[in-house]
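Each reported figure results from applying straightforward, stated rules to the coordinates on display, with no laboratory input. Because the structure is predicted, anything quoted here is derived from the model rather than measured. For neighbour counting, all protein chains shown are included, and Cβ atoms are generated from backbone atoms with ideal geometry for every residue, glycine included.
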Amino acid sequence: MAEVRTRIAPAPSGSIHVGNARTALYNWLFARHHGGVFVLRVEDTDAKRATEEAYAAVVEDLRWLGLTWDEGPEVGGPFGPYRQSERSGRYRAAVMQLLDSGHAYRCYCTPEELAERRQRALGEGRTPGYDGHCRHLSDADIARYEAEGRRWAVRFAVPPGRTIAFEDVVRGEIATPTERIPDFVIARADGSPTYVLAAGLDDALMNITHVIRGEDLIPATPRQLLLREALGITDRPVFAHLPLLVDGSGRPLSKRWGDVAVRAYRERGFVPEAMVNYLALLGWSYDDRTNIFSVQELIERFSLERVGRNPATFDVAKLEWLNQHYIKQMPPSRLAEQIRPFCIAAGLDAAGDEGRALLERVAPLLSERLKRLSDAPAMVAFLFRRMAPDERAAEALQGQGEYLGAAADALEGLERWDRADIEAALRALAERRGLKPRRAFQPIRAAITGTLVSPPLFESLEILGRDETLARLRAAAGQPVAAAGGKA
RNA sequence: GGCCCGGUAGUCUAGUUGGCCUAGGACGCCGCCCUCUCAAGGCGGAGAUCACGGGUUCGAAUCCCGUCCGGGCUACCA
């Protein structure tokens, strides 16, 4: 096989949809697996939506996912430009060629006329596609339309009596009689190309060998094949149409259901490794048991043959499980860096060196407790500020004043302030009082963190520091606090 | 309406040259163990008449026919 070339061709309408992210991932994995080229082509022909910010968001998302492109905007390549807005000359030339060769014709029908005929066809139970009205206009008709000042679009003249077939890697053969393909628009009245023309032509011009895209584009495929043929392009790419991603009720993922933008997942504390792993599993499987794949493993194992055919439901719970897995694997120092922005956003003073150091120290306690990076602030807030006890903590503190004072006393004289000695002192105290560990430590946790759920207690106290620990215990005990040196 | 694609537990899926499937794995859920809380980890459990109905066959999730359900396309959107 010649060099494999795949592409992702997003419309820059902001942060990319997770469905497009999956399509991008499969294209990328396929290219990497075969040592081929992954192309990024921006379909920004719809000027209304294609803002620079939206474009930047697309680029940012792809980079975040790690889907580096070998050719495309910002990196260039031999088949550029890679933004369709800069390729209009090529589309125009193709349209002219098709017009000249009789493969396409001018259509003078107005949108109103089309809508009306369409309605009528629907009302009479007929197939609503274009009726070929302008396909064989007489010179007189044309002269009249021109005299009326009508604008024209260009339609492809679909040849009758043929069947266009192609072999879809995931679905097998798909054949379409040309009778079912109405003459479709390839250039709008303003001269701009439609998707079928632009995407199909660019795929050919850029030597894309494997077109991997959503199954919503299956009907576009025979049209693009027809276009290639009419343009004299003899080779054709391999097609693979991926099943759609749907929500819990089987509908395509939409804003109504929840987060559909990749950026939303990043902002909600998911890490790219988890996202990539999860997306890979959504429609593809390697065997009957493996769920965890590093990017390298995905590249080695990915194949279109093992892509499924049925639509997949996006399940945040499984994504979270993977996210937790990758967070657990992360070196603590990296985890500390990753959670820092979330802590800062939550209002914790984690921006400076002191805050950074604090996060470095708690990170090991967090790695097995975070489903999302965004869970971190709530768990570490007590290290940055004193917390008013919540309802359950307040309850646990009832009548514990004397005990908490004793705990403070037990800790005050420690020679070394480390986890092991803190634990030994508090366990000894519990022992003396005949308290079960749970009953002994929860009041202390409540006094220190303001809650009954926190990172492990002894480590937490070690990190908090002696002064602040004693101050909080004494405050909770109702005792005067002797010159607490900690932050409050 | 027409054409196309799909239908294994709540979810993702394995299995599709028919027998190794009394349908395997994972997430989630439930229980137990561990335990200073929460997690993590270990162990165990519930959960699928393989959409439904026929047929072929000694034998079907796997083959054939029909039905139902879901989705896509049917745009001068992509």
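What angle do you read, to the nearest 10 degrees and between 0 and 90, between the alpha-carbon axis of helix A:18-33 and the longest principal axis of chain A?
Compared with the principal axis, the helix lies near 80 degrees.
Compute the FRET efficiency between A:ARG439 and A:ASN291 as 1/(1 + (r/R0)^6), taking r as their Cβ-Cβ distance and R0 = 51 Å, and round to the nearest 0.05.
Here the calculated transfer efficiency is 0.80.
So how much slack lies between A:ILE142 and A:VAL75, counting 0.36 nm per residue of separation and subtracting their Cα-Cα distance, in nm?
Result: 19.5 nm gained on full extension.
Taking 0.36 nm per residue of sequence separation and subtracting the Cα-Cα distance, how much length would be gained by fully extending the chain between A:ARG171 and A:GLU412, in nm to one decimal?
Between A:ARG171 and A:GLU412, full extension yields an extra 79.6 nm.
Zone of A:THR51 (label point 7 Å along Cα→Cβ, backbone N under 18 Å): which residues in the stretch A:250-286?
The answer is A:261-264, whose backbone nitrogens lie closer than 18 Å to the label point.
Helix-only mean residue ellipticity at 222 nm, chain A, DSSP H runs n ≥ 4 weighted -39,500 (n - 2.57), per residue, nearest 500. What is it?
Computed mean residue ellipticity for chain A: -14500 deg cm²/dmol.
Using 7 Å Cα-to-Cβ label points, what is the A:ASP390/A:ALA351 separation (nm, one decimal)?
2.8
With a Förster radius of 35 Å, plug the Cβ-Cβ distance of A:THR178 and A:ARG263 into 1/(1 + (r/R0)^6) and report the FRET value to the nearest 0.05.
Efficiency computed from Cβ-Cβ geometry: 0.25.
Gain in length, A:GLU229 to A:ALA378, computed as 0.36 nm per residue apart minus the alpha-carbon separation, to one decimal in nm?
Taking 0.36 nm per residue and subtracting the Cα distance, the gain is 47.5 nm.
Output needed: Cys residues of chain A lacking any neighbouring Cys C-beta below 4.7 Å, sorted by number.
So, A:CYS109, A:CYS343.
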